[in-house]
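Q: There's a structure below that I have some questions on.
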Amino acid sequence: MFKQRYFFPIIALGICWQLQAQNDSTSRQIALEEIVVSSVKETNEMKTLPASVSVITAHTIEDQNIVSIKGLSAIMPNFFIADYGSKFSTPVYIRGIGARSTGQSIGMYVDNMSYLNPSTFDFEFMDVQRIEVLRGPQGTLYGRNAMSGIVHVFTHSPLTLNRTKITLSTGNYGLFRAKASVSKPVGKHLCISASGYYDRNDGYFTNTFTGSKADRLQSAGGRLRLDGKIGNHWLAQLSVHYDYTDQGAFPYGAYNNGDIALPDYNYAGLYLRKTGGAGLNLQYGNERIIFNSATGFHQLNDRMQQDVDYRPLDVFQLNQRQKETSWTEELTLKSNTKHNYQWSIGLFGFYSDLYTDSPVTFKEKGINTLEEIFVELKNQFPAMPTLSISDDELYIPTQIKTPCYGVAVFHQFTYNNLFFNGLSMTGGLRLDGEKQRMEYTSAAKMKLAASMGGRPPVDVSSRYDTTVIDVVTTQDFLQLLPKVSVKYEWTNKTFVYLSVAKGYKTGGYNVQMASDVMRAHMQYDVMKAFEAMFPPNLLDKYKPENAAHVMPYKPEYSWNYEAGFKGSLVKDALYAELAVFYIDVRDIQLTEFVASGQGRILKNAGKARSYGIEAGLNAKIAETFSLSLNYGFTRATFGNYHSADKDYTGNVIPFAPQNTLSLNAQYRRSFSGKWIDHLSVRTHYNAAGRIYWTEANEVYQNFYGTLNTKVTVNKGIFGLSLWTNNTLNARYASFYFESSELGLAQRGRPFTFGTDLSITF
């Protein structure tokens, strides 16, 4: 364990030491000459893109202590991530559209490499140069599941950054974090960067049953990147990364009218994860075209241990493992001229092979729940024997393989100065195809005893066979995704735009409901053994559905309409952005627990709509003082949704906050000949709400906010920061769900403080 925790930070520090010791002749930067580093897909510049875009700079990431994607929640308009309780899931909601577990609604990229599994989204940010968040469907260029937007993380290129940086952080709740990175040329046309981190905390919430912290965390990882210039026109980038996480997970407590109890369960939650991968970017550029090839490889190996009843009872436990290997390849070719007509074409392919092993172990009280169906039959037919399960524990195994692959072709163009100067039109089309397969196997048998007339129970297990599920099923998806936008730019980077786009999210399989499917089959097989005691056709109502029919879910579709403005209101002093949007959704995918509480499923829930606004202001009050405001309003409701005997039409979609707000004030000043070189003071207030947690809208989190501060001083190569998060100790629910008629929630993290010491040379 020690080696896994400390290996990468030690290696990174060693690399820093050795490369720093090189002679001064290696401290030059490599000139890019004719090569233009640009977006490999867009036919518009990012600053003039006719869409809602937020660019999070390296300074903002550092100033706001953003260490992972969850730190981006609410700092941008209509962007929200509920704290699910572990890194297993990252439920991103943009403009009211998202996914709580399986079936993400965003595209996640790191240095042009696509991340396919949401269990890999929550990783430690290392050497991040910027993060681009595009809200609204990006299916034309980014395709698979980019229905509500994309998050694209760009790391620093060693071609343009020459430094060594070490940062040590400490704080309350046992926080300790160490990061080290180095970026250096190692030859005339070759540069290398290496970074590593170690992160730990003791946890924030105590499990009252065990007396130990429920959510402690240790993680470590590293990233290596090699960038080189080949001739006058080629750039190559090779990157390798690895992350290890050992996390106490799911610190949920009973919820009662806004009051959230501390966790209280007897089977510790756990999430262990190992992720690694490599990426190869090849780019060719001249005065006419830019060609890019992005090849990505990822591996995921994780284990999730969960007390599924979340109480100090022996009901049932889940111990799930995932193993996944995935490959992605994308080829793009775009114009690189000053002509009015700009174009981009591309080909994308992926393959993912995911294996899920998710056995459920029923304990004493869980076994009692399985016996309820036999008690029900006994009450209806007193002549039948009393049946009871004699297993001390009942182990139900589940193995599911879900390989899938897909291919897409896409094209986008922009015609500038259409009809008159400043008017442009962008159009795009993507043809996206995917094939999925599910192989579900399980075999189990419960030991059953029968008694009649008060006689001792007799084992009757020989009357029925082991229940076996061996299902193979496939499904195919083919979708055409268009997008059209019109923009009028009357001064440099000041413009209005209008866009229409189709959004699309693939279907899939509800692998986490497999144990519930198996339970129903086991109970039915037992009842079949005694069917002679029942009236004809009685057991038909207990007959479970075939897994091939009940486990798949369908795609989700949307049409998105957006109008916006971006530009400078006061030159070099006040910049503003405004967007209004309307989204029409069909077959919206919703997450809910199955009735037994033994798993989650995605189901398609009719129609929905979402509309709202997004506004941003950035003001430079003085040379040393700046203010920014970002606000988003979303009204996302069901248009036509009935579940069982309940009508949710008009209700607000769960997990989609109606308001998001971010206020930032920053003071920066440089000094000459003083005891410090630089001073930075930053205060930021992030807020969200109201958030409805259920389709019935009976449980919700009101509007709440957290105040965060940071003061940094620099002297020479040294930097010292003092910071606080949730300074006013706001109390709120960061996540809520219902299982087996029990309301459960996770508390938001309390007031934390700490200090960072950095050395940069």
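Q: Checking understanding here: applying a Kyte-Doolittle mean of at least -1.0 and a length along the axis of at least 24 Å (C-alpha), which whole DSSP H helices in the chain pass?
A: Working: long enough: 2-20 (27 Å, 0.56); 364-380 (25 Å, -0.58).
Membrane-span-like by this rule: 2-20, 364-380.
Q: Could I get the Rg over Rh figure for region 605-708? Both from C-alpha atoms, Rh via Kirkwood, rounded to two places. Don't skip to the end; give the middle numbers.
A: On the way: Rg = 20.7 Å, Rh = 16.5 Å.
Answer for region 605-708: 1.25.
Q: Taking the dipole about the Cα centre of region 216-276, with the C-beta of Lys and Arg at +1 and of Asp and Glu at -1, give me whichever of P263, F250, L224 is farthest to the positive side.
A: L224
Q: Using a cut-off of 15 Å between beta-carbons, work out the net charge of the residues near N207 (Lys and Arg +1, Asp and Glu -1, N207 not included). Can you show the working numbers first?
A: Values: positive: K213, R216, R311, R747; negative: D202, D215, D264, D307, D309.
Result for the local shell: -1.
Q: Could you check the simple spin-label distance between R288 and L663, using points 7 Å along Cα→Cβ, in nm with one decimal?
A: 5.6 nm
Q: Express in % the proportion of alpha carbon pairs of region 643-683 at distances exceeding 10 Å.
A: Numbers: 668 of 820 pairs.
For region 643-683, the share of Cα pairs beyond 10 Å comes to 81 percent.
Q: Where does the Debye-calculated log10 I(q)/I(0) of region 2-760 sit at q = 0.09 Å⁻¹, using only Cα point scatterers of equal weight, no solvent?
A: Here log10 of I(q) over I(0) equals -0.88.
Q: What spacing in nm lies between the two simple spin-label points modelled at K607 and L720, each 7 Å away from Cα in the Cβ direction?
A: 6.3 nm
Q: At what distance in angstrom do the alpha carbon centres of region 484-513 and region 678-729 lie from each other?
A: The two parts, judged by their Cα centres, are 29 Å apart.
Q: Now a separate question. With θ set to phi - 60° and the Karplus curve 6.51 cos²θ - 1.76 cosθ + 1.60, what are the ³J(HN,Hα) couplings of region 224-236 in order, to the nearest whole Hz, using x for Gly and Pro?
A: Those phi angles translate into 10, 9, 10, 10, x, 10, 10, x, 9, 10, 10, 10, 10 Hz.
Q: How much length is gained if the chain between E741 and V580 is pulled fully straight, taking 0.36 nm per residue apart and subtracting their Cα-Cα distance, in nm to one decimal? Walk me through the numbers before you get to the answer.
A: Details: separation 161, 0.36 × 161 = 57.96 nm, distance 3.88 nm.
54.1 nm is the gain from fully extending E741 to V580.
Q: Regarding region 179-300, what is the average projected area of its C-alpha convex hull, in nm²? Walk me through the numbers on the way to the answer.
A: Values: hull surface 47.0 nm².
About 11.7 nm², averaged over all directions.
Q: What full-extension length gain, to one decimal in nm, is calculated for S388 and N266 as 0.36 nm per residue of separation minus the Cα-Cα distance?
A: Numbers: separation 122, 0.36 × 122 = 43.92 nm, distance 2.53 nm.
The span from S388 to N266 would gain 41.4 nm if fully extended.
Q: Taking the Cα centre of each part, how many Å lie between region 402-458 and region 252-276?
A: The two parts, judged by their Cα centres, are 28 Å apart.
Q: Roughly how many nanometres apart are two label points built 7 Å out from the Cα toward the Cβ at N232 and Y561?
A: That separation, rounded to one decimal, is 5.2 nm.
Q: Can you check what the Kirkwood hydrodynamic radius comes to for region 403-541, Cα pairs only, in Å to one decimal? Numbers along the way, then the final one.
A: Working: mean 1/r = 0.0470 Å⁻¹.
That comes to 21.3 Å for region 403-541.
Q: Once fully extended, how much extra length lies between E698 and A548, figured as 0.36 nm per residue of separation less the alpha-carbon to alpha-carbon distance? List each step's numbers first, then the result.
A: On the way: separation 150, 0.36 × 150 = 54.00 nm, distance 3.37 nm.
In short, 50.6 nm is gained.
Q: In terms of modelled amide H atoms, which long-range or inter-chain residues lie less than 5 Å from the amide H of S390?
A: K447, L448, A449
Q: While we're on this one: Can you list residues from other chains, or at least 5 along the same chain, whose modelled amide H is less than 5 Å from the amide H of A249?
A: G269, L270, Y271
Q: Beyond 31 Å between alpha-carbons counts as too far, so tell me which of K70/K607; K47/K674; K378/K607; K505/K710; K184/K487; K41/K435 fall in that bin.
A: Details: K70/K607 28 Å; K47/K674 38 Å; K378/K607 43 Å; K505/K710 39 Å; K184/K487 42 Å; K41/K435 25 Å.
Over 31 Å apart, Cα to Cα: K47/K674; K378/K607; K505/K710; K184/K487.
Q: Can you give me the Kirkwood hydrodynamic radius for region 667-756, using every pair of distinct Cα atoms, in Å to one decimal? Spell out each step's value before the answer.
A: Details: mean 1/r = 0.0630 Å⁻¹.
So the Kirkwood estimate lands at 15.9 Å.
Q: Counting Lys and Arg as +1 and Asp and Glu as -1, what is the net charge of the other residues whose Cβ lies under 13 Å from the Cβ of K543?
A: Details: positive: K528, K541; negative: D525, E531, D540, E545.
My count for the surroundings of K543 gives -2.
Q: Through the Karplus equation 6.51 cos²θ - 1.76 cosθ + 1.60, θ set to phi - 60°, convert the phi angles of region 732-738 into ³J(HN,Hα) values in whole Hz; use x for Gly and Pro.
A: So the Karplus estimates, Gly and Pro as x, are 7, 8, 8, 6, 8, 7, 10 Hz.
Q: Still on this structure, I have one more. Would you mind pulling out the separation of the Cα centroids of region 325-372 and region 298-322, in Å?
A: Rounded to whole Å, the Cα centres lie 22 Å apart.
FYI, it's all coordinate maths here, none of it is from the lab. In this text the structure is predicted, and so the values were computed from the model without any measurement. Here Cβ is always computed from backbone atoms with ideal geometry, including for glycine, and neighbour counts include all displayed protein chains.
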